[in-house]
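First the structure, in the form of structure tokens, and then the observations on it.
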Amino acid sequence: MKYNNLWPAVIMVVLFGSCGSDAPPPPSEPEAVLKQYQRFVDQNLLEKAKALSTPAGKAWLDELKAIVEEEQPDSTLFHTEFLSVNCEGKKDTLRCQCVLEDQYERYTSDYHLVKLNGQWLVDAPQEEIQIDNDILEQLPDSLVREMMQE
């Protein structure tokens, strides 16, 4: 009979023990993934950002971590607002063109997202090809005009 009063306490311990122990699932929509990823990066929570990254994105975050560790901690913290997000692509690959604003400036940035195992992940930033002016001077003018129109 004394054990009858113990059951409610046991049930409460089991219920409260199961709450809060698991991290919330990652966002499933591309825009939400992108915004959560950026919040983690802004706060230097790069290990958490890796959970929303492709393998190439994880390697890029490791490189970023090495840079951040050499700086003053408060100089690497940001608060980025997404002013606009426009994602386009095919099936499992998206390119998102974004207008962002942090405490210093307004700028544009492209993000690449890939869907792996049903989860949208942020890929490493794409290297932009820069053409040296010396090379441009050696190209025929008609080819340069054609390149500039694209």
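All of the numbers you see were taken from the coordinates with simple rules; none came from a lab. Everything quoted here is computed from the prediction, not taken from an experiment. We place every Cβ from the backbone using ideal geometry, glycine too, and count neighbours over all the protein chains shown.
Tabulated values for the structure
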{"read-out": "Loop-located chymotrypsin sites (Phe, Trp or Tyr not before Pro) in region 47-119, at most 10 other Cβ atoms within 10 Å (DSSP)", "value": "Y104"}
{"read-out": "Formal net charge of residues neighbouring N86 (Cβ-Cβ distance under 12 Å; K, R +1; D, E -1)", "value": "-2"}
{"read-out": "³J(HN,Hα), Karplus 6.51/-1.76/1.60, whole Hz, each residue of region 81-86, x for Gly, Pro", "value": "10, 8, 7, 7, 9, 10"}
{"read-out": "Loop GluC sites (Glu not before Pro), region 25-83, which have at most 15 other Cβ atoms in a 10 Å radius of their Cβ (DSSP)", "value": "E70, E71"}
{"read-out": "Pairs of Cα atoms farther than 22 Å apart, region 23-122, %", "value": "29"}
